[in-house]
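In what follows, a structure is listed as structure tokens, so that the remarks can point back to it.
The values are calculated or read from the model by the stated rules, or taken from the named source; none is laboratory data. Every value quoted in this text rests on a predicted model; they were computed, and no experiment measured them. Reconstructed Cβ throughout: ideal geometry from the backbone, glycine too, with neighbour counts over all protein chains shown.
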Amino acid sequence: MFTDRLRAAQELNALARVRPAHTAFRALVRDVERWERSAGATDWSCELRVRALVGAAACVYALRGSVGAGNQVLDRAEAIALEVGDPRLRSSVHGQRGLLLLRSGDGQAALRELTAALDEADETNQRDMTLLRLNRGSAYVDGGQIDAALRDFEAALHHARVLGNDYYASFALHNIGYAHYAQGDMPAALRFMDESVALLPDGADGMALVGRARVLFEVGLLNEAERALEEAESLLDDEGLGLERAESLLDRARCLVGLRRFDEAREVAVQARRLYQRSGNPTWCLYARVVELEAMLGADRSETDTVSEARRRARRRSGLALKVALAGDERGVIARFGVSVPARLYAAEWSLLGGETDAAREILGAVRRLPAWAPFPVRVQHHAVRAQLAFADGDRRDGVRSVRRGQQAIAEHRARLGSVDAVTATAVHAVRLGNVDVSAALWTRRPAAVFDAVERGRAAFAGSGRIRPPSDPAHAGLLTRARREVEAARDIGSAADGELQLERQQHLREARRLQEEARRRSWLDSGEVAVPVATTERALRAALADTGSSTVVADLLVDGGAVTAVRVGGRGSRLRRLASLEQVSEHVRRARADFAVLSNALIPVPMREAALGSLQRTLAWLDDTLIAPLEAEGDLHLAARNVLLGVPWAALPSRRGLRTWANSWIDLRQGQPQRRTDHALVVGGPGLRFSSAEARLVAGAWQSAALLTGASATCAAVVDGLDGAGVVHLAAHGAHETDNPLFSSIRLTDGPLFAHELDGIDLNGVVVVLSACEVGLSTPRIGGESLGLTSVLLRLGARAVIASVAPLRDDVAARVMPALHAELRGGAMPGVALARAVIDEPEPVPLVCFGPLVL
């Protein structure tokens, strides 16, 4: 009976139900001692007491946060173990002392105790071996010995499976995932963590969510990480686990810094620090202090105080950061990369903000070159600060060298990621590095320097992360179910009945849940494609000169709230300040609103004429402001981000009949690319008056075409048809999802075809025409990367994507598209084909050609 009670208490503790576990351990010790008073102590009863006291010590520490209080309980257990003379019991006490040391931040001492415990352990006791291996592996992780940690975690998994304990197996799998996270393999980390959660009967507990959130943070999925941590904090608070709750708060503070919510981040980090103080964990108090510093520095970078006040504050805070770094030094190697190094980097940057380059140089001198296994964000920050110092000293060569080293670290980090979602998310870690690079280049006012800096940052995240992954039936099933839910909601429509609208919202919520689950599965895929090489201004000018091209290339960026262009031609480069971003954004919004009116065939003539007049004035302003200063009389290629990708470039008055095309970066390709094949895939979706007729006319422009309309125009048929097609035409309703751009879609017979499910398809050399409303739009995510159906198609290798950035009227599409395809079949470049196809239209057409720079 006592043995069963011990196991029950241990299971409660393993499930983080600390309060009932503590009660159970104390009651067991009391009852065994009462039994011994009447029957006499035996080896069996002494072992029960030792193991119960060991469990109680863990609970005392978790509840009170006091290493001393936990060790007092262990002293009682050790006295019994010494009296009995059983090495197994001494092992148990050593193991628990090691765990308390580990949780108090003294990893080196913990490693010694846990190794001693394993030396005396009974190797046939699967439970003890499991726990000791798990705990020593964690001590190895804290010391940066990841390979040794992985060996311990894998051994723990073996012991747990022999024991037949799913809970312990789950912990081991989670820790294996964490070791892969520490090695930089995020997809593997998430796979093991998901496998871990599958073994838990009630789903993820608080610590499982914290571990997963750390991986998501490293990938750059900050919003998703923060949501997981909020849920974890609630679960841990319910269990009264102060130390674990502090971990979740600290990780959440890091996410908030990345989300630029600096004041909130600082408050949360302070909460975490206070919890660590209560638990007597000085090392992790310093970790929390470092995040406080990071939040303060983030706010100071964007501060608008006077120069003198900003410099005084920067110098004061540099001194504060140095004090934290010195305190980290006292904690030894365990705090090096979590405290000492980052605190010094913040101190150096504050010194630079304070105008003290000599002080910054001295501080950085104490930070030696970081090893490849140092935390990824710390390595990137190191390169960013070194670049800042070099630029401040006027040494552009060394500054650019540091930027490139940082970008190489980022490239190595993202190389293991697979999905477009994960690859673009990782750009958040490059924001500071890119800002340092571009700001220093703008200060020189040299067009070539600005162009090169902008393109270095943009190219780092261009291109797809992988080829198509192995077939995943579960993933496909989730998307099929999501499609059905969307269609069920569509069938209900906008009926006024309240109950029907409630049902419609339920369908849409379930569709979103399924989409998110499918998205999470995509994060498990690994990458296989190299990062593209950034185009330089010199290489671009040489290419323009070599080909005799009159093409003008405009690299657009935002500087101090204004749109600025680097204009590059065969004869040289110029820097042009064009207009405020606020004005441009407002005119883009007006143009889309006017296009929406013109796309509605039911709008009365007077309203249409008013909208047309408004649109023409808006486009003329955009033309005069953004195009005229570029002095482009022939072909014009624009590289832009965010709202600038939503400008209807080909519809601007001065571009009538001229090749105009855009991309999010300068992807230079010389020579007319060959089509993969002359076979066309043409699709007509449901719900549009002219889609079937348009599809037939387009198919007729090609000698070889697969035509899918009506019941044959399904998502599966379209995806299958992409293989082998050189030209793809989709005439269907489209939707750009601003808050979830990877689920922007084209509506087919059986529901929406999501951008997400195209991820991984090889579209190299294919021209894609999207005859649908607004699917040319994209949404910027944290880090600046744009996502949407068009951007996904380009990342998959499409030679060009012609799509609309505003509502497009059905009859206009039905006239323009056959002419466009006739030009494509005749060999015209996609941008040229579009310009010729719309030249005779009486009203502006919001179609834009997106694609690489082909000369």
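Restricting the search to helices (runs of 4 or more DSSP H) fully inside region 351-425 and requiring at least 2 residues that are under 23 Å from Gly319 (Cα atoms) and more than 16 Å from the chain's Cα centre (by Cα) gives 357-365, 376-392.
Taken together, the residues in region 531-573 that are among the polar types (S, T, N, Q) and part of a loop (DSSP other than H, G, I, E, B) amount to 5. Scanning region 68-104 for residues that are touching a residue at least 60 places away in the same chain (Cβ under 8 Å) and crowded, with 21+ Cβ neighbours inside 10 Å turns up Arg103, Ser104. Checked against the criteria, Arg490 does not count as in a helix (DSSP H, G or I), at pLDDT 90 or above, among the charged types (D, E, K, R) and not assigned by TED's automatic domain parsing to the domain that holds Leu796.
Residues in region 436-466 that are closer than 15 Å to Leu556 by Cα and of a type in the set (S, T, N, Q): Ser439 alone.
Here is a list: Arg289, Arg311, Arg273. Which entry is among the basic types (Lys, Arg), surrounded by 15 or more Cβ atoms within 10 Å (Cβ to Cβ) and within 23 Å of His429 (Cα to Cα)? Testing whether each residue is among the basic types (Lys, Arg), surrounded by 15 or more Cβ atoms within 10 Å (Cβ to Cβ) and within 23 Å of His429 (Cα to Cα) leaves just Arg289. For Gly399, the stated conditions do not hold, so it cannot be described as in contact with a strand residue (DSSP E or B) (Cβ under 8 Å, 6 or more places away or on another chain) and of a type in the set (Gly, Ala, Ser).
Yes or no, residue by residue, for (1) modelled with pLDDT of 90 or more; (2) at positive phi; (3) surrounded by 24 or more Cβ atoms within 10 Å (Cβ to Cβ):
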residue	(1), (2), (3)
Ala650	yes, no, yes
Arg656	yes, no, no
Thr660	yes, no, yes
Gln670	no, no, no
Pro673	no, no, no
Leu681	yes, no, yes
Ala699	yes, no, no
Cys715	yes, no, no
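If we scan region 608-626, do we find a residue that is more than 30 Å from Asp810 (Cβ to Cβ) and assigned to a helix (DSSP H, G or I)?
yes
Filtered by the rule that a residue be modelled with pLDDT of 90 or more and surrounded by fewer than 20 Cβ atoms within 10 Å (Cβ to Cβ), region 722-732 gives Leu722, Gly726.
Restricting attention to region 486-519, the residues that are surrounded by 18 or more Cβ atoms within 10 Å (Cβ to Cβ) and within 30 Å of Val219 (Cα to Cα) total 6.
Kindly check whether there is at least one residue in region 234-243 that is within 25 Å of Ile146 (Cα to Cα) and either surrounded by fewer than 24 Cβ atoms within 10 Å (Cβ to Cβ) or within 14 Å of the chain's Cα centre (by Cα) (or both). Checking region 234-243: at least one residue is within 25 Å of Ile146 (Cα to Cα) and either surrounded by fewer than 24 Cβ atoms within 10 Å (Cβ to Cβ) or within 14 Å of the chain's Cα centre (by Cα) (or both).
Table: residues versus (1) more than 42 Å from the chain's Cα centre (by Cα); (2) modelled with pLDDT under 85; (3) in a helix (DSSP H, G or I).
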{"residue": "Leu28", "(1), (2), (3)": "yes, no, yes"}
{"residue": "Glu33", "(1), (2), (3)": "yes, no, yes"}
{"residue": "Ala52", "(1), (2), (3)": "yes, no, yes"}
{"residue": "Ala57", "(1), (2), (3)": "no, no, yes"}
{"residue": "Leu63", "(1), (2), (3)": "no, yes, yes"}
{"residue": "Gln72", "(1), (2), (3)": "yes, no, yes"}
{"residue": "Asp75", "(1), (2), (3)": "yes, no, yes"}
{"residue": "Ala79", "(1), (2), (3)": "yes, no, yes"}
{"residue": "Ser91", "(1), (2), (3)": "yes, no, yes"}
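If Trp661 meets every condition in (1) part of a loop (DSSP other than H, G, I, E, B); (2) within 27 Å of Glu823 (Cα to Cα) apart from one, which number is that one? Checking Trp661 against (1) part of a loop (DSSP other than H, G, I, E, B); (2) within 27 Å of Glu823 (Cα to Cα), the one that fails is (1). Every test in (1) out of contact with any Asp or Glu (no Cβ under 8 Å at 6 or more places or on another chain); (2) free of Cβ contacts under 8 Å to residues at least 40 places away in the same chain is passed by Val698 save one, and that test is (2). Among residues of region 427-453 that are over 20 Å from Val531 (Cβ atoms), those with a Cβ under 7 angstrom from a residue that is buried (at least 22 other Cβ atoms within 10 Å of the Cβ) and of a type in the set (Phe, Trp, Tyr), sequence gap 6+ or separate chain, pair up as Ala440/Phe391. At least 3 residues being more than 22 Å from the chain's Cα centre (by Cα) and farther than 24 Å from Leu370 by Cα is the threshold, and among the helices (runs of 4 or more DSSP H) wholly inside region 102-216 those reaching it are 107-120, 126-142, 146-163, 166-183.
The set of residues in region 331-377 being touching a helix residue (DSSP H, G or I) at 6+ places or on another chain (Cβ under 8 Å), under 18 Å from Ala392 (Cα atoms) and among the small types (Gly, Ala, Ser) consists of Ala347, Ala348, Ser351, Gly354, Gly355, Ala359, Ala360. Selection over region 289-309 of residues that are outside any loop (DSSP other than H, G, I, E, B), touching a helix residue (DSSP H, G or I) at 6+ places or on another chain (Cβ under 7 Å) and more than 23 Å from Ala335 (Cα to Cα) gives a count of 2.
Residue count for region 775-786 under the criterion of being in contact with a Leu (Cβ under 9 Å, 6 or more places away or on another chain) and surrounded by 24 or more Cβ atoms within 10 Å (Cβ to Cβ): the result is 4. In region 527-538 there is at least one residue that is within 27 Å of Val197 (Cβ to Cβ) and either modelled with pLDDT of 90 or more or crowded, with 17+ Cβ neighbours inside 10 Å (or both).
The C-beta contact set for region 824-848 (first residue in contact (Cβ under 8 Å) with a residue 60 or more places away in the chain and closer than 22 Å to Val766 by Cβ, second residue among the polar types (S, T, N, Q) and crowded, with 17+ Cβ neighbours inside 10 Å, distance under 7 angstrom, 6+ apart or interchain) comprises Gly831/Thr660; Ala835/Thr660; Leu847/Ser804.
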